[in-house]
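Accompanying notes for the structure given below.
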Amino acid sequence: MTDDLHYHVNGDLEPASEATVSVDDRGFRYGDAAFETMRAYGGSIFRWDAHVERLERTCDALSLEHGLSENDLRARIDETLAANDLADAYVRLSITRGVQPGKLTPRPEVDPTVVIYVKPLPRGGLEGEPVWDEPAVVRSVDTRRIPKEAIPAGAKTHNYLNGILARIELARAADDDAKTDDDTADGARESNDGPIPDEAILCDLEGNVAEGATSNLFFVRDGTLLTPSTDCDVLAGITRETVLELAAEADVQTREARYDLADVLEADEVFLTNRTWELRPVATLDGIEIGGGPITDRLSRLYDERVETSCY
């Protein structure tokens, strides 16, 4: 239960029910903050170095000079896991610009707010189980990915309104589907309920497929693993990077380029990646059945092996 957990807030471990930040914090006021979502397997943070590097890239993009060392941040995470007696867990590290006067222009001097949030997850690796129950039901949405000319696509910030709007659109579309009834001959009404979508797929302003609201997209055609290029408005997920590395090691041909939705709909296999889901096959996209397949299964197995050897 969340009430039994402890979070790490500005150097102190606090019960989750008592963990707070100031209403004057810029992370609350403006989303002026960087974060990383990680997974602990067997007490180890998988690909910690990659997370630190991306966190620093985000902070550089925000000109957020927090002054915290990698060792300091890792010690806080380890303390939080130990305090909650967790070896396998979701871990979120947030660094905000801290409390400053209520003006949009930030001050260069920063007293950062640092929060570590954790929750238990199943064991990973070869003996683990995925956090998801079924392959994902996915739907494309009209909400467009914010262009990197506006907000750097590679920055993982607290400003997640783009993904939130996509998920709201997804939920509304599902509600509309559930309310759509067909009139039968005798005047009775027949429900048209379908499975509730798990994820929204966003395109960029040019109509190229970009990513999910909280995931990266992969698909397979004719034995080649395809994924939208980071030259597009795509956040380069660390799970995405790991999958591409594993594919190269397994001699699976890969291609990063610009694709439209029709390319994905014609795929032999489709799956999503993020740190929590790892690799999740897509059952349907916009109602069209696709599913996983041999390459998805192979990469999932290789991912589990990498986790096992790295962390257990």
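Bear in mind that the values in this text are calculations on the coordinates, not laboratory data. Keep in mind it's a predicted model, so treat the numbers as computed, not measured. Every residue, glycine among them, receives a Cβ derived from its backbone with ideal geometry; neighbour counts consider all protein chains shown.
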In nm, spacing of pseudo-spin labels at residue 28 and residue 196 (7 Å Cα→C-beta vector): 3.0
Give me the extension gain from residue 245 to residue 65: residue separation times 0.36 nm, minus the current Cα-Cα distance, reported in nm with one decimal. 61.7 nm
Straight-line reach check, residue 103, cutoff 13 Å on alpha carbons, 8 or more apart in-chain or any other chain, hits among aspartates and glutamates -> 24, 25, 32
Full-stretch length increase - residue 224, residue 305 - with 0.36 nm per residue and alpha-carbon distance subtracted: 27.0 nm
7 Å from Cα along Cα→Cβ at both residue 172 and residue 149: what's the point-to-point distance in nm? 2.7
Output the DSSP H helices from the chain with an along-axis C-alpha extent of no less than 24 Å and a mean Kyte-Doolittle hydropathy no less than -1.0. 161-179, 294-311
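Can you list, largest first and rounded to whole Å, the semi-axes you get for region 42-147 by taking the square root of 5 times each eigenvalue of its Cα gyration tensor?
Working: eigenvalues 175, 104, 31 Å².
In descending order the semi-axes read 30, 23, 12 Å.
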³J(HN,Hα) across region 121-134 via Karplus (A = 6.51, B = -1.76, C = 1.60, θ = phi - 60°), whole Hz, x for Gly/Pro? 10, x, 4, x, x, 5, 9, x, 10, x, 6, 9, 8, 9
Taking amide H positions as placed in the peptide plane 1.01 Å from N, state which residues far from residue 88 in sequence (5 or more) or on other chains have amide H under 5 Å from it. 42, 43, 121
When the Karplus curve 6.51 cos²θ - 1.76 cosθ + 1.60 is applied with θ = phi - 60°, which whole-Hz ³J(HN,Hα) does each residue of region 34-39 get, with x for Gly and Pro? 10, 8, 9, 9, 10, 10
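Using the C-alpha gyration tensor of the chain, what are the square roots of 5 times its eigenvalues, in whole angstrom, with the largest one first?
Values: eigenvalues 226, 119, 89 Å².
After scaling each eigenvalue by five and taking roots: 34, 24, 21 Å.
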With springs connecting C-alpha atoms under 10 Å apart, model the chain as a Gaussian network and identify which of 27, 125, 287 has the largest mean-square fluctuation. 287
GNM of the chain, Cα pairs under 10 angstrom: of 71, 216, 162, the biggest fluctuation goes to 71
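If R0 is 35 Å, what FRET efficiency do you get for residue 231 and residue 85 from their C-beta distance, rounded to 0.05? It would help to have the intermediate numbers written out before the result.
On the way: r = 44 Å, r/R0 = 1.25.
The formula returns an efficiency of 0.20 here.
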In units of 2.2 N^0.38 Å, the Cα radius of gyration of region 154-312 is 1.17
Using Cα positions and a limit of under 29 Å, work out the lysines in reach of residue 119, with same-chain residues fewer than 8 apart set aside. 156
Residue 134-residue 111 FRET efficiency (beta carbon distance; Förster radius 45 Å; 0.05 resolution): 0.50
Efficiency by 1/(1 + (r/R0)^6): what FRET value for residue 255 and residue 298, r their Cβ-Cβ distance, R0 = 22 Å, to the nearest 0.05? 0.80
